[in-house]
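Here's the structure, in structure tokens; my notes come after.
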Amino acid sequence: MERPDDASLRPGAELAFMTGRTARGPALKPRKSPEQSRSAETVRTILEGAARVLEERGLAGYTTNAVAERAGVSVGSVYQYFPGKEALTAALVARETGLLIAAVQAATEAETPELGLRRIVQAAVAHQMSRPRLALLLDREENRLQLADSLDAVTRAISGALLALLGHLEPAPPVEAEIAAGDLFALVRGMVDAAGERGERAGDALEHRVLRAVFSYLGLPFAAL
């Protein structure tokens, strides 16, 4: 599963941060919401510029001036929408979180619960591995900035999707479905995050390991993709 770039984001996902639900405190909220398509495109361009600066320069080189330069806009345009780089980071976290949540929710529509579980794992791995340096830095900044709303949204989405799929699984999970969903969420997140921290780049190998662990927990036969 590939992660779409800024030009192909789902409507609403790329601007979810503008509601203020994903960040707490004025320093982490955008100055204003884009009201016209041209303004929305400017915001998308700024966010992708921020993503590329993080990938290319890391946190040490992550400044509003660098973002403006990479995005091809004036620094005034950046400040028109964001009071500073922490608000920009919160918006970027929201963009990436929105993509993950959309993929996880789509997994619940799979033909079988087993396939749905595979797709959740694929979404989690793709979120970490398609732009690994960006994912790693945003994970760290998400924790540092205490973006609890963003973290909670991912937890609810993945746990809810797992619970929905487990309700149709035969045989049933070895423990109560709510407990199994929580265990599987912790398992998938723990393995994927640890791989990111180690700097792994082999997404297929990680996906194989996580799927094997999930299917083993559920007592299901595992067949490699």
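Counting only residues that are among the β-branched types (V, I, T) and not in a helix (DSSP H, G or I), how many does the range 42-76 have?
Qualifying residue count for the region: 2.
Quick one: L211 ticks every box in (1) of a type outside the set (K, R); (2) modelled with pLDDT under 95; (3) touching a Phe, Trp or Tyr at 6+ places or on another chain (Cβ under 8 Å); (4) within 16 Å of H127 (Cβ to Cβ) bar one, so which box is it?
All conditions pass for L211, except number (2).
Which residue out of V121, V104, V73, V154 is modelled with pLDDT of 95 or more, closer than 21 Å to A51 by Cα and of a type outside the set (F, W, Y)?
Just one listed residue meets the conditions, V73.
The values are calculated or read from the model by the stated rules, or taken from the named source; none is laboratory data. Predicted, not measured: the structure shown is a model, and the values here were computed from it. Note that each Cβ is placed from the backbone with ideal geometry, even for glycine, and that neighbours are counted across all protein chains shown.
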